[in-house]
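The values are calculated or read from the model by the stated rules, or taken from the named source; none is laboratory data. What you see is a predicted model; the values in this text were computed from it and never measured. Heads up, the Cβs are rebuilt from the backbone with ideal geometry, glycines too, and the neighbour counts pull from every protein chain shown.
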Amino acid sequence: MSDKFTISQVEEYLQQLYDGDDPVRHEMETLADERDFPIIGPLAGRHLSQLAHVIGAQRVFELGSGYGYSALYFARAVGESGTVHCTELSEENIKLAEKFLSRANVWDRVTYHQEEATAALQRIGGIWDIIYNDIDKHGYPATIDLAYEHLRPGGLFITDNVLWSGRVMNGAKDKDTQGIIEFTQHLFADSRFITTIYPVRDGVAVALRR
């Protein structure tokens, strides 16, 4: 028996364990496939839900939300008394989010802001249990201090795409790859957080605010 296996093999195995009878989620995934639209996917989405439950999250702020795929997991996790704030520039995506999340019976706990993500958090302010980060990758480094300022102690700063389809390891020099590399190095070195990376799909960094 081989003692080595690939990430793709791990994902295939785990995907068989987690399919679930969830028509809204499946429709959102189908739309992502049709439009080649980036979503966090069901395995990492389940991880988001678990993390929110573990810390008893009630207040989640998403930096970058698309049509609400990650918000679906967070909104279900925070429950009827919780709130999820989303940011998205596309009016079409916001309308899609309303359609999907209404069908999932969680739209009443979701608020969308049609503006640039970091500007929205700075404007709204407040302290949050989770800040989820999925903005343009060259903008990642600037989110660390912003997240620290707006997270409670024990809150989570969660960032998608930190493995960037392997480009962070193959010497790519484009601004997005370099932004992710700089972000990840700084986050791991930042003593204000305890950081790990969940390597399934495209890599999810989870940083606990001290």
>> Just to be sure before I move on: is Phe183 touching a helix residue (DSSP H, G or I) at 6+ places or on another chain (Cβ under 8 Å), among the hydrophobic types (A, V, I, L, M, F, W, C) and under 21 Å from Phe74 (Cβ atoms) in the structure I sent?
In response: no
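Among the listed residues Val60, Val10, Val24, identify the single one that is within 22 Å of Tyr112 (Cα to Cα), of a type in the set (Val, Ile, Thr) and in a helix (DSSP H, G or I).
Working: Val60 fails: in a helix (DSSP H, G or I); Val10 fails: within 22 Å of Tyr112 (Cα to Cα).
When all the criteria are applied, what remains is Val24.
Hey, can you tell me all the residues within the stretch 89-118 that are farther than 15 Å from Leu72 by Cα and either within 17 Å of the chain's Cα centre (by Cα) or part of a loop (DSSP other than H, G, I, E, B) (or both)? Before you say what the answer is, go through the steps one by one.
First, pick out the residues of the stretch 89-118 that are farther than 15 Å from Leu72 by Cα: 89-92, 113-118.
Those that are farther than 15 Å from Leu72 by Cα and either within 17 Å of the chain's Cα centre (by Cα) or part of a loop (DSSP other than H, G, I, E, B) (or both): Leu89, Ser90, His113, Gln114, Glu115, Glu116, Ala117, Thr118.
Here's the yes/no breakdown for (1) β-branched (Val, Ile, Thr); (2) under 20 Å from Gly203 (Cβ atoms); (3) at pLDDT 85 or above:
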{"residue": "Leu31", "(1), (2), (3)": "no, no, yes"}
{"residue": "Phe37", "(1), (2), (3)": "no, yes, yes"}
{"residue": "Ile40", "(1), (2), (3)": "yes, yes, yes"}
{"residue": "Leu48", "(1), (2), (3)": "no, yes, yes"}
{"residue": "His53", "(1), (2), (3)": "no, no, yes"}
> Within the bounds of the stretch 87-99, is there any residue that is touching a residue at least 24 places away in the same chain (Cβ under 8 Å), more than 26 Å from Trp164 (Cβ to Cβ) and crowded, with 18+ Cβ neighbours inside 10 Å?
Replying inline: yes
> Do we have Leu121 as at pLDDT 95 or above, under 19 Å from Gln58 (Cβ atoms), in a helix (DSSP H, G or I) and touching a strand residue (DSSP E or B) at 6+ places or on another chain (Cβ under 9 Å) here?
Replying inline: yes
> Here are some residues: Ala52, Ala75. Which one is among the small types (Gly, Ala, Ser), crowded, with 20+ Cβ neighbours inside 10 Å and more than 18 Å from Thr159 (Cβ to Cβ)?
Replying inline: Ala75
>> Name the single residue that is nearest to Gly66 (Cα to Cα) among those in the stretch 1-26 being surrounded by 13 or more Cβ atoms within 10 Å (Cβ to Cβ) and out of contact with any Phe, Trp or Tyr (no Cβ under 7 Å at 6 or more places or on another chain).
In response: Arg25
> Within the stretch 125-210, which strands (runs of 3 or more DSSP E) (wholly inside it) include 2 or more residues that are at negative phi, polar (S, T, N, Q) and at pLDDT 95 or above?
Replying inline: 193-198
> If we scan the stretch 165-185, do we find a residue that is buried (at least 16 other Cβ atoms within 10 Å of the Cβ), touching a residue at least 60 places away in the same chain (Cβ under 8 Å) and within 21 Å of Leu51 (Cβ to Cβ)?
Replying inline: no
